1. Simple spin-label model, 7 Å along Cα-to-Cβ: B:PHE28 to A:LEU10 in nm?
2. Quick test of the membrane-span-like rule: which DSSP H helices of chain B reach at least 30 Å along their long axis (C-alpha atoms) with mean Kyte hydropathy at least 0.0?
3. If you build a Gaussian network model of chain B, linking Cα atoms that sit under 10 Å apart, which residue out of B:TYR143, B:TYR244, B:TYR264 swings the most?
4. Between B:THR212 and B:LEU182, what FRET efficiency follows from the Cβ-Cβ distance if R0 is 22 Å, with the result rounded to 0.05?
5. One-quarter of the Cα convex hull surface for segment B:220-282, in nm²?
6. Students often get this wrong, so check it: of B:LYS134/B:LYS219; A:LYS79/B:LYS108; B:LYS15/B:LYS295; B:LYS219/B:LYS295; A:LYS79/B:LYS110; B:LYS196/B:LYS219, which have C-alpha atoms separated by over 25 Å?
7. Which percent of Cα pairs goes in each bin when the distances of chain B are cut into 20 angstrom slices starting at zero?
8. For Cα pairs less than 8 Å apart in space and 6+ apart in sequence, what is the mean separation divided by the residue count of segment B:114-168, i.e. the relative contact order in percent?
Amino acid sequence: MRKYNFTVILAAVLLSSVIGYSHENHSKKPQKVTDSSIIATGSDTVNTNQKEIEQIETQRDFEKIREEVKSSSAFVVTKAVALALAIGGLAFVYLRRRNKGDE
Amino acid sequence: MNSEKSNQKNGWKLKDLDYPVPKHALEFGYCLGGIILVGFGLLVITGVIMALFYTPSVAGARISIMNLNENSVGLLLRSFHRWTAEAIIFLIILHLSRIIFTGSYQGKRKLNWFFGIGLLLITFVFFFSGTVIKWDQEGYEAYQHMLEATELMPLGAYIASFLKGTAAVMRMFVTHSLILPLLLFVFLIPHLALVKLNGLSPLPNADSSNSTTFFKHLKKVLIFSIPIYALVVFLSAKFPAVLYPGPYSGVEMTKPPWIFLPLYALEDKFGLIALIIVPIIVVIALILLPYFDSKAGENSTTHKVVVWSFLIIVSISVALIIFVGITPPVQHLNMK
């Protein structure tokens, strides 16, 4: 009798556990699987780490952009000066000729 | 009659291009148009090759360029494309300057001046769209500026809503590689035809008799082109084209290419509306120029006013380019 009761209770627990089971993503909308979404699935620790990695990557990219922008200054100045000199040269050649005719 | 028949029978010959032109056709200032045309040819060749490796999508554009950069030939090709575009912008401004100094927009050349303005605008849009399709931080910020400036125009919100979205890169790529080349062709053919029809513009106070030939002019164009584009190859190898990380929304960290920096400075001062108003004023001024200074071949006071005004505008623009070039970038947009 005791053995029978134990079996019934065990069977009831097992059945109810199947009925009561719900997957953690059950209510989520479908989303494309990407590198980051694969890493992000699972524990909160992994999610937090992923966010930290993304933040570090962003900061590193921002630093790279700042460096590139800073190093482009010399080029910008050179191009502007070269353009001014070239236009000045053309002005010297063609305006001088034009004015010579007036003399 | 017989000679006409014989011409029809033989068809068009290369020798027909060997018509007489004035001696000053051999000068650098009068070869600039040809040198620019050589540059456009080089851009078409390098652009078509790069298009074979480019993915025109928000997700794929920058990655495909990164893949191209990993190959040393690919990187050189992209850098050459970028530096040639810069050289063309530089040479077009010189071409415009020479035309203003010699008053070559006057008289019967007025129509060709208008086609030239069209070509100038097309070239600038080419340069801009080329910057956007990299879809790095610089490209994305340029695109955001375009969207927000478009929204300020009449029907701008409608146009901007069409330009937005995931197909943005595709649309810019089609503009850069299909629409603009077609427009360039449409404007270039009459531009060249009118040079042939009206003859080369005269050099003030010089002998305008046709003492050389068009073939010699073409030869001179090639002679000038070789060192110029050799320098472009050197610059491409020494200083490869930049590909910024990103893009990141919500930040404005880069500055536009150097030729747009005067506009950037004016945007600092007057806001986004400057990006619309200033180009419109410049285009209207260029269109009205042949009407304001219309006396062909005369060194009039009006022409002197035009030349000095142009030189003052150039000086201010160069000063603004240098100023913005050495100062850190400024946040202009909401960067939605």
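The values are calculated or read from the model by the stated rules, or taken from the named source; none is laboratory data. Keep in mind it's a predicted model, so treat the numbers as computed, not measured. Every residue, glycine among them, receives a Cβ derived from its backbone with ideal geometry; neighbour counts consider all protein chains shown. Each accessible area value is taken on the protein alone, full model and side chains, heavy atoms only, with ligands, DNA and RNA left out. Shrake-Rupley method; radii C 1.70, N 1.55, O 1.52, S 1.80 Å.
1. Computed distance between label sites B:PHE28 and A:LEU10 equals 9.8 nm.
2. Details: long enough: B:28-51 (33 Å, 2.22); B:72-102 (44 Å, 1.21); B:110-132 (34 Å, 1.64); B:214-238 (36 Å, 1.31); B:301-326 (38 Å, 2.12).
Qualifying helices: B:28-51, B:72-102, B:110-132, B:214-238, B:301-326.
3. Of B:TYR143, B:TYR244, B:TYR264, the most mobile in the Gaussian network model is B:TYR244.
4. On the way: r = 34 Å, r/R0 = 1.55.
FRET efficiency, B:THR212 to B:LEU182: 0.05.
5. Values: hull surface 28.9 nm².
Mean projected area of the Cα convex hull: 7.2 nm².
6. Details: B:LYS134/B:LYS219 36 Å; A:LYS79/B:LYS108 35 Å; B:LYS15/B:LYS295 36 Å; B:LYS219/B:LYS295 33 Å; A:LYS79/B:LYS110 31 Å; B:LYS196/B:LYS219 17 Å.
Over 25 Å Cα-Cα: B:LYS134/B:LYS219; A:LYS79/B:LYS108; B:LYS15/B:LYS295; B:LYS219/B:LYS295; A:LYS79/B:LYS110.
7. Each 20 Å bin holds this share of Cα pairs: 26, 55, 17, 1.
8. Working: 22 pairs, mean separation 9.5, N = 55.
That works out to 17 percent.
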